[in-house]
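Visitor: The structure follows.
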Amino acid sequence: MPLLAAAVTLLLPTCQQEEVYDTSFRIAQLVVDGGVQYDDVTYSGVWAKSPLKIRFTQPVDKGTVEGNIHLMPYEDEENLLDVDVRYECGDSVIGLYPRDGLDFFSQYRLNVWQGIRSAQGTLLNTGRSYTIITEIDTIDKYPRIPDEELLDKVQRHTFRYFWEGAHPHCGMALERDQAGNTVTTGGTGFGIMAMIVAAERDFITRAEAYERICRIVEFLKDDCETFHGAFSHWIDGSTGKTLPFSPTDNGADIVETSFLMQGLLTARQYFDQPQEEALRTDITALWEGVEWSFFNRDRQNVLYWNWSPDYEWAVGLPVGGWSEALITYVLAASSPTHPIDKQVYTTGWAQGGDMLNGQTYYGYTLPAGSDYGGPLFFAHYSFLGLNPKGLRDTYIDDYWEQNRNHTLINHSYCVDNPKRYVGYGNACWGLTASDGNNGYSAHDPSNDQGVIAPTAALSSMPYTPQESMAALRHFYYKLGDRLWDEEGYGFYDAFNLTARWFDDQYLAIDQGPIIVMIENYRTGLIWDLFMSIPEVQDGLRKLGFSSPALN
């Protein structure tokens, strides 16, 4: 009879149980030869001298153990750890007690080789190599404070990205904090909304917000290249010159321009005092200068994302179907100077109804979009200004249901965790476009790479306050030593516990929605401002929308 190694398992004191786990230690993930995986072992808080125990089907020959069982750091496999070896259950269980303990959230390799024999001389039938990932420390990293104070803190720290971290010359938002001179059009629109929140919450004064937004608008008006009134995705913050987003995308980006205009029009609505008229006038000039109808591309009844002075429509990307770009069609219809017709919305955006879904995922019906709803920024970017409460049109009866159910599906998927990634759960969730350990990607249930982005759950606060608040507490209290920068701009962009990876960068388009959507949850400030804009109200009616916010 061969000597089988059933598993590296953490055993209760009895020798009679087969696959059970000791409550004194937790392994977040244990992979056998890249195949079988064991997850979610119970943890009671005792770490330093906790054992790894290996059960065999027969008592082992103790003389064959040394040299055939090795425990080592995963990335330093020549540095064997000192362990005390103890035998239990009639020598059929080997306990390995690391003398210096195992570190939190660290990866180890355990090799069990074939040279081990049973007491009767039977050889182990096969060797095995185990990858062990210990769980992250669950001790609070910061003192507990009331939830309202925590929301204040997150908004204040995240706002610093757009204030202290802005480009020193033009005041626009850097594409990411390590982007040099590259500023972002859409991220600046989000940042302008964040400045309004900051002024209302006394992080800065109203006068300071006014001065900064004036500087941004002056740069946009006097220095930046435009293409049929639209701005490029990326801009050199020192010169205003276009920075190509891709080889053939060195001109207008109408979607990014719509995010910018969403912010500028909100600022025009907010700064309503007589002495602030100059800013309102300049914003109106930028707004009315955008030739939205040009991006209909020869009246094809769909807006096109990009136009280049060198390559024209070479990118060839139509803006249609459910995505982050509903705001683009709303503003295009709202333009007093270069509007689109309703048919462009009907054919291009709604695709005659083909953008609808109607399927149920995890018990939640998704009115529109792809399976599982796609990345969560679809429920954020357009709805920083557009209030989905009571919003409806020909295609979607309730945009609030669309966004709430999309978020609940995303949350439920992470709780279900079908790919068994480390850390996923009720308080650790949120898949959206973000950095990742393998580069930037639009993460969602159909493109799940184990990457969680704080912006996904936090920017969903209006839709899922209980689930989002649980995530906020987890990100701050439990992961804060790796994920939060007390001296910087709040939460880093993303993390992957399975890969033991935490980002060290911030992205404007992920930072902005955190501040704005938390504020919309708390007071509805930005929703109220944007939905009261006369041109926007006209555009929504033109497209067949109804809303309690429409006069």
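Visitor: Round to the nearest 10 and report in Å² the accessible area of W307, as given by a 1.4 Å probe over the protein chains' heavy atoms.
Guide: Counting only protein heavy atoms, the figure is 40 Å².
Visitor: Test of understanding: what is the full-extension gain from Y362 to D538, defined as 0.36 nm times their sequence separation minus their Cα-Cα distance?
Guide: Computed gain between Y362 and D538 is 59.6 nm.
Visitor: What is the pair-distance distribution P(r) of the range 350-459, computed from all Cα-Cα distances in 5 Å bins starting at 0, with each bin given as a whole percent?
Guide: All Cα pairs, binned at 5 Å, distribute as 2, 13, 22, 24, 19, 11, 6, 2, 0 percent.
Visitor: Additional query: Round to the nearest 10 and give me the degree value, 0 to 90, for the angle of helix 508-522's Cα axis relative to the longest principal axis of the chain.
Guide: The helix 508-522 is inclined about 80 degrees to the chain.
Visitor: Additional query: Counting helices only, and only those DSSP H runs with n ≥ 4, report the 222 nm mean residue ellipticity of the chain as the sum of -39,500 (n - 2.57) divided by its residues, in deg cm²/dmol to the nearest 500.
Guide: That comes out to -9000 deg cm²/dmol.
Visitor: With +1 assigned to the C-beta of every Lys and Arg and -1 to the C-beta of every Asp and Glu, and no other charges, what is the dipole magnitude of the range 351-493 about the Cα centre in debye, to the nearest 20?
Guide: 280 debye
Visitor: Just need the Rg to Rh number for the range 443-551, please, alpha carbons only, Kirkwood Rh.
Guide: 1.08
Visitor: Related question: Taking all protein chains together and a probe of 1.4 Å, list R86, R500 from the most accessible to the least accessible.
Guide: Result, largest first: R86, R500.
Visitor: Roughly what angle does helix 185-200 make with the longest principal axis of the chain, taking Cα atoms, 0 to 90 degrees, to the nearest 10?
Guide: 90 degrees
Visitor: Towards the positive end of the charge dipole of the range 79-163, with charges on Cβ (+1 Lys, Arg; -1 Asp, Glu), say which of Y161, W113, Y97 has the farthest Cα.
Guide: Towards the positive end, the residue furthest out is W113.
Visitor: First compute the accessible area of the chain with a 1.4 Å probe, then give the percent of it belonging to carbon and sulfur atoms.
Guide: C and S fraction of accessible area: 46 percent.
Visitor: Which value, in Å to one decimal place, does the Kirkwood hydrodynamic radius take for the range 55-148 when every pair of different Cα atoms is included?
Guide: About 15.3 Å for the range 55-148.
Visitor: What accessible area, in Å² to the nearest ten, does a 1.4 Å probe give for L123?
Guide: Its accessible surface works out to 80 Å², give or take rounding.
Visitor: A further question follows. Give the long-range amide H neighbours of G524: residues separated by 5 or more places, or on another chain, with amide H under 5 Å away, using H modelled in the peptide plane at 1.01 Å from N.
Guide: For G524, whose amide H was placed from the backbone, there are no distant partners under 5 Å.
Visitor: Which order do you get for D82, D147, D249 if you rank them by accessible area with a 1.4 Å probe, largest at the top?
Guide: Ranked list, largest accessible area first: D82, D147, D249.
Visitor: Let's see if you can work this out: charge +1 on each Lys and Arg Cβ, -1 on each Asp and Glu Cβ, no other charges. What is the dipole magnitude of the chain about its Cα centre, in debye to the nearest 20?
Guide: I would put it at about 1040 debye.
Visitor: Also, quick follow-up: So what is the relative contact order for the chain, in percent, with contacts set as C-alpha pairs under 8 Å and at least six apart?
Guide: Relative contact order of the chain: 13 percent.
Visitor: Now for a different question. Residue by residue through the range 171-184, what is 3J(HN,Hα) from phi via Karplus (6.51 cos²θ - 1.76 cosθ + 1.60, θ = phi - 60°)? Round to whole Hz and write x for glycine and proline.
Guide: 3J(HN,Hα) across the range 171-184, in whole Hz: x, 6, 7, 5, 4, 9, 5, 10, 9, x, 8, 7, 9, 10.
Visitor: Would you kindly state how much longer the chain becomes between D398 and R420 on full extension, computed as 0.36 nm times their sequence separation minus their alpha carbon distance, in nm to one decimal?
Guide: Additional length available on full extension: 4.6 nm.
Visitor: Using only the heavy atoms of the protein chains and a 1.4 Å probe, how would Y463, Y440, Y492 rank by accessible area, largest first?
Guide: Y440, Y492, Y463
Visitor: Which is farthest toward the positive dipole end of the range 480-551 among L497, S546, F530, measuring Cα position about the Cα centre, with Cβ charges +1 (Lys, Arg) and -1 (Asp, Glu)?
Guide: The residue sitting farthest along the positive end of the dipole is S546.
Visitor: Assign unit charges at the C-beta atoms only (+1 for Lys and Arg, -1 for Asp and Glu), then state the dipole size of the range 127-191 relative to its Cα centre in Debye, rounded to the nearest 20.
Guide: 220 debye
Visitor: Note down the accessible area of E401, probe 1.4 Å, to the nearest 10 Å².
Guide: Spelled out: E401, probe radius 1.4 Å, area about 70 Å².
Visitor: Might you tell me the accessible area per residue for the chain, computed with a 1.4 Å probe and given in Å²?
Guide: Here the per-residue accessible area is 37 Å².
Visitor: Take the range 290-338, drop everything but the C-alpha atoms, weight them equally and run the Debye formula without solvent; then report log10 I(q)/I(0) at 0.14, 0.18, 0.28 Å⁻¹ to two decimals.
Guide: For the requested q values the scattering log ratios are -0.34, -0.55, -1.18.
Visitor: Label Q343 and K221 with points 7 Å out from Cα along Cα→Cβ: what is the distance between them in nm?
Guide: So the label points at Q343 and K221 sit 3.7 nm apart.
Visitor: So what J values fall out for the range 367-374 if you push phi through Karplus, 6.51 cos²θ - 1.76 cosθ + 1.60 with θ = phi - 60°, rounded to Hz, Gly and Pro as x?
Guide: Result, rounded to whole Hz: x, 9, x, 7, 3, 6, x, x.
The values are calculated or read from the model by the stated rules, or taken from the named source; none is laboratory data. Just so it is clear, the structure is predicted and the values come from calculations on it, not from any experiment. Every residue, glycine as well, gets a Cβ built from its backbone with ideal geometry; the counts of neighbours run over all protein chains shown. What goes into the accessible areas is simple: the full protein's heavy atoms, side chains included, and nothing from ligands, DNA or RNA. Shrake-Rupley method; radii C 1.70, N 1.55, O 1.52, S 1.80 Å.
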